[in-house]
Amino acid sequence: MRAYLKEFLGNFGLGVGIFSLFFFFGESSKLFEMALLVAGANGIIFLRSLGYLYGQYWMSVTFFVVPMSLLLGVILTNARLQEDREFLAMESVGVDIQRWTMGFLMILGAVFCASLYPLVHQIGPQSRLHIKQFAFHGRNPSDNLRVEPKTWLDLEHTQLFAEEVHGPALRNVVLYSNQQRKESQAPGSEDSPYKVTGKNAVYRIIAEAPQEGRPARVQLFLRIFPGTLEYPDLSRPGHVTACSFSSYENYIPINTDQMPQPGIREKSSAQLRAKMKNSKDDRLELESRHSLAFSPLFLCFACGLVSFAMGRRSKGFGFGLALALLGLYWISFVLFSSVQQPWAINWAFTAAGLVIFQTLKRY
């Protein structure tokens, strides 16, 4: 058991390193950018921020890294012991090696399930939220807010759209405010819903210094020319009044204090359960997390069977087989998630493992 566990831990660690680097390569540019926005020219703060972001990001993908590394570890361990005839040596002294190994793998899978459960349901979503909050705090609106072409810019109660963007100059602009007028305000006040469309516009970010008793404010100044202003006619409910203008100016506040709200992937499973009856998306996300949390048990069973059926082959063959099984598992994950049946992922993979087991035994 000690020899098997030692061999497995080495292969499992190899898988953790490989798959962690795989995920890091995809997000490194974004993590570097967020760290630079916070640190500026301060190298120590940059390294601390980068270390924090990498740590949080790794915790947010651990429940993907661990099952994949477990699969690789089981296949490579059994392949190496088969190749070196370790299993044959144990069988020669009366050990039912297949029964013993499958029992050990089931215990190992249960241990990994218990370890993975809090990562999937609590720690991983919290880490995603921490990265989102870090990006929010590190963003300086006066330096980093940009209007992108053909993309709605959401400024809380106001949305801005432009078909073309050339620096601060915009073309074919739509400005829409959905803020409802307060009952205490007079009819026709600026907080009533309105829509502005214009041919050309220019904008700039204005950051005011904090004053005594008032925090710093950041505003987007927008000048549109020419265009049309539409707003509800309060004297005739259901009607809209439109007027043309040669020039229109507006100062739109940018809220820098409101914390970003967690999305569905940043909520803990306890939060999802509270809304599960009213939200289909919450139910599907929760079922996907359950599938990932229990995946080590199914992976150990299926991979144990397949590795015994492949017989005395090289470790390179085992590595290729492990990659094929990984591809099969994630194809199953994507397929059953797309048809909104994530609970069936592990059962489908186990069934595929049984088919591969029977096929390899024939050859």
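FYI, it's all coordinate maths here, none of it is from the lab. Since this is a predicted model, take the numbers as computed values, not measurements. Here Cβ is always computed from backbone atoms with ideal geometry, including for glycine, and neighbour counts include all displayed protein chains.
Quick one: pull the percentage of alpha-carbon pairs in the range 1-78 with a separation above 20 Å. I get 45 percent for the Cα pairs in the range 1-78 exceeding 20 Å. Most tightly packed first, judged by the mean number of other beta-carbon atoms within 10 Å of their residues, the peptides 229-235, 285-291, 240-246 read 285-291, 229-235, 240-246. Phi angles across the range 42-48 convert, under the Karplus curve 6.51 cos²θ - 1.76 cosθ + 1.60 with θ = phi - 60°, into 3J(HN,Hα) values of 7, x, 5, 5, 4, 5, 5 Hz, Gly and Pro given as x. Per-residue extension of 0.36 nm, minus the Cα-Cα distance of Thr151 and Glu164, leaves a gain of 3.7 nm for this segment. By the count of neighbouring beta-carbon atoms within 10 Å, fewest first, His130, His239 end up ordered His239, His130.
Spin-label pair Ala274-Glu27: with each label point 7 Å from Cα along the Cα-Cβ axis, the two points sit 2.5 nm from one another. Think of the chain as a dipole: +1 on every Lys or Arg Cβ, -1 on every Asp or Glu Cβ, centred on the Cα centre; then among Ser332, Leu9, Gly316, Gly316 lies furthest on the positive end. For the chain, the longest principal axis of the C-alpha atoms and the axis of helix 124-138 are separated by about 30°.
Computed extension length for Ile331-Ala89: 83.4 nm, one decimal, from 0.36 nm per residue of separation with the Cα-Cα distance subtracted.
Using a cut-off of 19 Å between Cα atoms, the listed pairs Lys150/Lys195; Lys6/Lys361; Lys132/Lys275; Lys30/Lys280 include Lys6/Lys361; Lys132/Lys275; Lys30/Lys280 as exceeding that distance.
Given +1 at the Cβ of Lys and Arg, -1 at the Cβ of Asp and Glu and no other charges, the dipole of the range 24-117 around its Cα centre is 300 debye to the nearest 20.
Put a dot 7 Å past the Cα of Asn200, heading toward its Cβ, do the same for Asn178, and the two dots end up 3.2 nm apart.
Percent of C-alpha pairs per 20 Å bin in the chain, short distances first: 22, 39, 26, 12, 1.
Considering only Thr228, Val38, Gln358, and ranking their Cα positions along the charge dipole of the chain that arises from unit charges at the beta-carbon of Lys, Arg, Asp and Glu, the one farthest toward the positive end is Gln358. Quick one: helix 315-338 against the long Cα principal axis of the chain, what's the angle to the nearest 10°, folded into 0 to 90? Taking the Cα atoms of the chain, the angle to 315-338 is about 40 degrees.
In plain terms, the chain from Ala207 to Ala351 could stretch by 45.8 nm, reckoned as 0.36 nm per residue minus the Cα-Cα distance. Neighbour counts of other Cβ atoms within 10 Å put Ser307, Ser127, Ser28 in the fewest-to-most order Ser28, Ser127, Ser307. Taking amide H as placed 1.01 Å from N in the peptide plane, Ser279 has no amide H partner under 5 Å among residues 5 or more places away or on another chain. Comparing Val174, Ile123, Leu81 along the charge dipole axis of the chain, the residue lying farthest to the positive side is Leu81, per the Cβ-charge model. Please give the helix 345-362 orientation as an angle from the longest Cα principal axis of the chain, in degrees from 0 to 90, rounded to the nearest 10. The angle comes out near 30 degrees. Put a plus charge on the Cβ of each Lys and Arg, a minus charge on the Cβ of each Asp and Glu, and nothing anywhere else: the dipole of the chain about its Cα centre is then about 820 debye.
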